[in-house]
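Report on the following structure.
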């Protein structure tokens, strides 16, 4: 039997093998987030193709799948192909206003069973329960993206009316749509937009939860056996749409 002293000694010995933590300092908080966000957008108007290519590279490194289509209409056959390859039919999505368009009829024509989230807050407890059950039973979750961070291949999604966080967390296959307006190059730039979203301190349309999604969910047990999909989607598919889809 290992004693407490022996156990702690082993931990200290293993920690001693590391090089220690890298130096870190708090990020500068932007004094004028709207001005800085506009400057970032102006810079990316010229170099967004490089940012997109880096995003694709980093997303694929963490196990995500990248697609590029010309218009929102071309998203439908991609989603249908993903569903077909996985024998999936049930799909839940953000409300059409949050996606940039209503893909429901076209997805239905492809043999899927799409259900869109309602546009506003759901007052009825029974209706909230019904929607939770639909999301929990769905195989595919279709969402938009608020930010796509090229530096890490990360998707940033804020919750809110018509865009519950469960849509990206519960279905095993998460499909996210974004255009160039969502692209940022770094976590530092993403921080500027987070400040902008909450700059005036007033409640707005965004919910209380902001999710940073970097590839599929991964969990390792005590023997370091890696498993996908235990605490979130086991697959993440990001579809870049060349034509603007965001208002």
The listed residue being outside any helix (DSSP H, G or I), farther than 21 Å from residue 112 by Cα and in contact (Cβ under 8 Å) with a residue 60 or more places away in the chain, out of 68, 41:
68
Do we have residue 55 as over 20 Å from residue 167 (Cα atoms) and either at pLDDT below 95 or surrounded by 15 or more Cβ atoms within 10 Å (Cβ to Cβ) (or both) here?
yes
Matching residues in the stretch 177-200 (in contact with a helix residue (DSSP H, G or I) (Cβ under 8 Å, 6 or more places away or on another chain), within 26 Å of residue 101 (Cα to Cα) and either at pLDDT below 90 or in a helix (DSSP H, G or I) (or both)) number 4
I want to confirm something. Restricting to the stretch 107-118 and keeping residues that are touching a strand residue (DSSP E or B) at 6+ places or on another chain (Cβ under 9 Å) and part of a helix (DSSP H, G or I), which single residue is surrounded by the fewest Cβ atoms within 10 Å (Cβ to Cβ)?
108
Can you confirm whether the stretch 33-40 contains a residue that is in contact with a strand residue (DSSP E or B) (Cβ under 8 Å, 6 or more places away or on another chain), within 30 Å of residue 97 (Cβ to Cβ) and surrounded by 10 or more Cβ atoms within 10 Å (Cβ to Cβ)?
yes
Test result for residue 46, at pLDDT 95 or above, out of contact with any strand residue (DSSP E or B) (no Cβ under 6 Å at 6 or more places or on another chain), more than 17 Å from residue 146 (Cα to Cα) and surrounded by fewer than 20 Cβ atoms within 10 Å (Cβ to Cβ)
no
Among the residues in the stretch 16-34, are any free of Cβ contacts under 8 Å to residues at least 60 places away in the same chain, assigned to a helix (DSSP H, G or I) and either more than 28 Å from residue 166 (Cα to Cα) or within 20 Å of the chain's Cα centre (by Cα) (or both)?
no
Test set (1) under 30 Å from residue 195 (Cβ atoms); (2) out of contact with any strand residue (DSSP E or B) (no Cβ under 9 Å at 6 or more places or on another chain) - residue 4 fails condition number:
(1)
Could you grab me the full set of residues in the stretch 119-169 that are part of a loop (DSSP other than H, G, I, E, B) and within 17 Å of residue 238 (Cβ to Cβ)?
144, 145, 146, 150, 151, 152, 153
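Is it fair to say residue 60 is at pLDDT 90 or above, under 19 Å from residue 244 (Cα atoms) and either in contact with a strand residue (DSSP E or B) (Cβ under 7 Å, 6 or more places away or on another chain) or not in a strand (DSSP E or B) (or both)?
It is false that residue 60 is at pLDDT 90 or above, under 19 Å from residue 244 (Cα atoms) and either in contact with a strand residue (DSSP E or B) (Cβ under 7 Å, 6 or more places away or on another chain) or not in a strand (DSSP E or B) (or both).
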Which pairs have Cβ atoms under 8 Å, sit 6 or more apart or on different chains, and link a residue in the stretch 225-247 that is more than 19 Å from residue 167 (Cα to Cα) to one that is at pLDDT below 95 and exposed (fewer than 11 other Cβ atoms within 10 Å of the Cβ)?
226/220; 227/220; 227/221
Extreme residue, farthest from residue 145 (Cα to Cα), among residues of the stretch 92-106 that are outside any helix (DSSP H, G or I) and touching a residue at least 60 places away in the same chain (Cβ under 8 Å)
92
Looking at (1) assigned to a helix (DSSP H, G or I); (2) in contact (Cβ under 8 Å) with a residue 24 or more places away in the chain; (3) under 16 Å from residue 239 (Cα atoms), which is the one condition that is false for residue 81?
(2)
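The values are calculated or read from the model by the stated rules, or taken from the named source; none is laboratory data. Keep in mind that this is a model prediction, so the values were computed, not measured. Positions of Cβ are generated from backbone atoms using ideal geometry, with glycine treated the same way; all protein chains shown enter the neighbour counts.
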